[in-house]
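**Q** Dropping the structure in here first, questions after.
The values are calculated or read from the model by the stated rules, or taken from the named source; none is laboratory data. Quick caveat, the model's predicted, so the values are computed rather than measured. Virtual Cβ from ideal backbone geometry, glycine too; neighbours counted across all protein chains shown. All accessible areas refer to the heavy atoms of the entire protein, side chains included, with ligands and DNA or RNA removed. Shrake-Rupley method; radii C 1.70, N 1.55, O 1.52, S 1.80 Å.
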Amino acid sequence: AACVMLLGILLAALAGAVLVLTILGRTIAHGDRFAFDSAIMLALRQDGNPAIPAGPLWLKQAMVDVTALGGETVLTLAAALTIGFLAASRHVLAAALVFGGTVTGSIAVAVAKSLVGRERPALVDHLVEVSSASFPSGHAANSAIVYLTLALLLVQTVHGHAARVYILAATAVLVVLIGVSRLYLHVHWPSDVVGGWVFGTIWALGWWALGRKLGADTRAQRP
């Protein structure tokens with residue numbers, strides 16, 4: 001009975017994440033457009049000259065640097081190093097859950113991209129090279145999955161409410177900045193990023209809840 005309940009918790013969370021993608025994806029796949037998409041994209045460009053991004057000259061390079069933090073290479077390294085550390089610390093269950101959550105989440109995002117097949121924004125030129133479909137944003141979704149998972153593991157190892165709030169808040173800021181960078185670089189519509197954020201957050205929380213129920217405690221243990 002306990003196993004069935006645990007499985008139900010995970011499936012409910014994952015179903016919620018998939019439902020978000022399905023609703024947005026079906027709307028987009030039918031050719032509907034969200035009014036805020038174009039408005040936000042153009043607001044990130046100079047008035048009267050949309051070919052030039054808004055803000056000082058250094059901001060473009062800053063956004064390129066930030067967006068790399070949500071790229072496949074960095075996220076894979078972060079997840080792999082975390083899994084290795086957990087395994088070396090004999091937190092095998094936690095390591096398995098991190099592996100399962102990040103890998104399946106990435107696969108789900110890739111499948112959604114292929115099913116919806118949304119084209120990238122073409123209001124102005126992209127500031128970085130992209131090749132995959134636009135919805136949902138892989139950077140937004142996968143950064144939420146990986147960084148939120150790491151933050152939820154980390155808060156178990158620290159004492160004090162303020163420290164835990166800081167970790168979660170800093171993680172939220174990082175994930176938001178990565179999503180915003182995709183808009184600034186004009187490679188995603190805002191609805192792509194919102195869909196990615198919501199999906200990634202629910203996905204990570206679902207696997208974390210499963211870990212809590214299974215007793216995947218990452219607090220320091222005696223050797």
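**Q** Starting from the Cα of Leu42, step 7 Å along the direction of its Cβ; do the same at Leu214; then give the gap between the two resulting points in nm.
**A** 4.9
**Q** Still on this structure, I have one more. With θ set to phi - 60°, apply the Karplus curve 6.51 cos²θ - 1.76 cosθ + 1.60 along the range 16-23 and write out the HN-Hα couplings as whole Hz, x wherever there is a Gly or Pro.
**A** Karplus-based 3J(HN,Hα) across the range 16-23 equals x, 5, 5, 4, 4, 4, 5, 5 Hz.
**Q** Further question: Leaving out ligands, DNA and RNA, what percent of the accessible area of the range 21-81 is carbon and sulfur, probe 1.4 Å? Don't jump to the answer; show the numbers that get you there.
**A** On the way: 2590 of 3890 Å².
Of the solvent-accessible surface of the range 21-81, carbon and sulfur hold 66 percent.
**Q** Identify which of Asp37, Asp192, Asp47 has the largest mean-square fluctuation in a Gaussian network model of the chain, with springs joining Cα atoms closer than 10 Å.
**A** Asp47
**Q** Related question: Can you give the calculated 222 nm mean residue ellipticity of the chain, where each DSSP H run of n ≥ 4 adds -39,500 (n - 2.57) and the sum is split over every residue, rounded to the nearest 500 deg cm²/dmol? All intermediate terms of the calculation are to be shown ahead of the outcome.
**A** Numbers: 8 runs with 156 residues, N = 223.
Calculated from helices alone, the mean residue ellipticity at 222 nm is -24000 deg cm²/dmol.
**Q** What distance in nm separates the simple spin-label points at Leu59 and Arg120, each placed 7 Å from Cα in the Cβ direction?
**A** So the label points at Leu59 and Arg120 sit 2.1 nm apart.
**Q** Under unit Cβ charges (Lys, Arg +1; Asp, Glu -1), what dipole magnitude, rounded to 20 debye, does the chain have relative to its Cα centre?
**A** Details: 14 positive and 10 negative charges, 139 e Å.
Dipole of the chain, to the nearest 20 debye: 660 debye.
**Q** Kindly write out, for the range 143-154 in residue order, the coupling ³J(HN,Hα) from the Karplus curve 6.51 cos²θ - 1.76 cosθ + 1.60 (θ = phi - 60°), rounded to whole Hz, with x marking Gly and Pro.
**A** For the range 143-154, the Karplus-derived couplings read 5, 5, 4, 6, 5, 5, 4, 5, 5, 5, 6, 5 Hz, x marking Gly and Pro.
**Q** Moving to a separate point now. Between the helical axis of 92-116 and the dominant principal axis of the chain, each derived from Cα atoms, what acute angle in degrees is found, rounded to the nearest 10?
**A** Approximately 30 degrees, to the nearest ten.
**Q** Counting other Cβ atoms within 10 Å of each Cβ, which GluC sites (Glu not before Pro) in the range 60-163 have at most 13 and sit in a DSSP loop? Spell out each step's value before the answer.
**A** Numbers: sites: Glu72, Glu119, Glu129; in loops: Glu119, Glu129.
In loop regions of the range 60-163 (DSSP not H, G, I, E or B), the sparsely surrounded GluC sites (Glu not before Pro) are Glu119, Glu129.
**Q** I'm spelling it out carefully: the read-out is semi-axes √(5λ) of the Cα gyration tensor in Å, the candidates are (1) 41, 23, 18; (2) 33, 21, 14; (3) 24, 18, 18, and one was derived from this structure. Which label?
**A** This structure yields the entry labelled (2).
**Q** Between Val173, Gly160, Gly70, whose Cα lies farthest towards the positive end of the dipole of the range 59-191 when Lys and Arg beta carbons carry +1 and Asp and Glu beta carbons carry -1, centred on the Cα centre?
**A** Positive-most Cα among the choices belongs to Gly160.
**Q** Taking amide hydrogens as modeled 1.01 Å from N in the peptide plane, which residues meet the under 5 Å criterion relative to Arg45, leaving out close sequence neighbours?
**A** Under 5 Å from the amide H of Arg45 lie the amide H atoms of Ala54, each far enough along the sequence or on another chain.
**Q** When the chain is fully extended, how far beyond the present Cα-Cα distance does Ala96 get from Ala162, taking 0.36 nm per residue of separation?
**A** On the way: separation 66, 0.36 × 66 = 23.76 nm, distance 2.90 nm.
This chain segment gains 20.9 nm when fully extended.
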